[in-house]
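Contents: one structure, followed by commentary.
The values are calculated or read from the model by the stated rules, or taken from the named source; none is laboratory data. All values reported here derive from a predicted model rather than from experimental measurement. All Cβ positions, even for glycine, are placed from backbone atoms using ideal geometry, and neighbour counts span all protein chains on display. The area values use the complete protein model at the heavy-atom level, side chains included, leaving out ligands, DNA and RNA. Shrake-Rupley method; radii C 1.70, N 1.55, O 1.52, S 1.80 Å.
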Amino acid sequence: MKKILAILLCVVLACGGLAGCGTKIKSEENGEIGKQAVAIADSFLAGEIDTMEAVDSLDELRQKVVEEDSQYDTLLRAGISHLGDEIVIAKNAVFLDGGNAETKDIIDARNTIADYVGVEKK
């Protein structure tokens with residue numbers, strides 16, 4: 001179920017990436033929310049926070065996204081959800097496979113949000 005949701009969100013994000021360039025997030029509040037989501041991803045990747053703390057924090061941020069007169073409020077919500085899903089998938093892969101988590105998908109999800117809010121990509 002989570003893989004299906006992750007794939008669906010990837011498709012939504014890919015379509016959003018093709019929508020155009022320019023200022024993406026219009027409200028300062030959503031810009032800060034996006035920057036916080038990027039910071040949470042960076043903290044998780046650095047091993048500073050665990051999976052549950054990252055996912056819970058991202059869920060709180062997703063709920064705080066405010067409506068804008070553009071599509072990017074919806075894409076920001078989807079991007080934050082996708083980031084949380086990728087973190088859970090990576091954690092489950094470590095649990096099931098006993099190996100290291102693949103971080104590429106987490107970084108891709110992080111960079112999508114970074115693009116919306118004008119933060120440097122990894």
Note to self: Quick check on region 17-30. Is at least one of its residues in a helix (DSSP H, G or I), modelled with pLDDT of 60 or more and of a type in the set (Val, Ile, Thr)?
What the structure shows: no
Item checked: Test result for Leu75, modelled with pLDDT of 95 or more and touching a Leu at 6+ places or on another chain (Cβ under 8 Å) -> no
Notebook entry, point to check: Just a yes or no: is a residue in region 90-97 at pLDDT 90 or above and either assigned to a helix (DSSP H, G or I) or crowded, with 19+ Cβ neighbours inside 10 Å (or both)?
Noted result: no
Notebook entry, point to check: Taking the stated definitions as given, is Phe44 more than 15 Å from Thr112 (Cβ to Cβ), among the aromatic types (Phe, Trp, Tyr) and at pLDDT below 80?
Noted result: no
Next item on the list: Sort out which residues of region 45-79 are assigned to a loop (DSSP other than H, G, I, E, B) and open to solvent by less than 20 Å² (accessible area, probe 1.4 Å), and write them in order of number.
Entry: Val65
Note to self: Here is a check on your reading of the model: is Gly84 within 18 Å of Gly118 (Cα to Cα), within 10 Å of the chain's Cα centre (by Cα), crowded, with 20+ Cβ neighbours inside 10 Å and at pLDDT 65 or above?
What the structure shows: no
Checklist line | Output for region 55-67, where each listed residue is under 22 Å from Gly118 (Cβ atoms) and either of a type in the set (Val, Ile, Thr) or in contact (Cβ under 8 Å) with a residue 12 or more places away in the chain (or both) | finding: Ser57, Leu58, Leu61, Arg62, Lys64, Val65, Val66
Notebook entry, point to check: For Lys104, which of the numbered conditions (1) open to solvent by 70 Å² or more (accessible area, probe 1.4 Å); (2) in contact with a helix residue (DSSP H, G or I) (Cβ under 9 Å, 6 or more places away or on another chain); (3) modelled with pLDDT under 95; (4) under 27 Å from Lys24 (Cα atoms) fails to hold?
Noted result: (2)
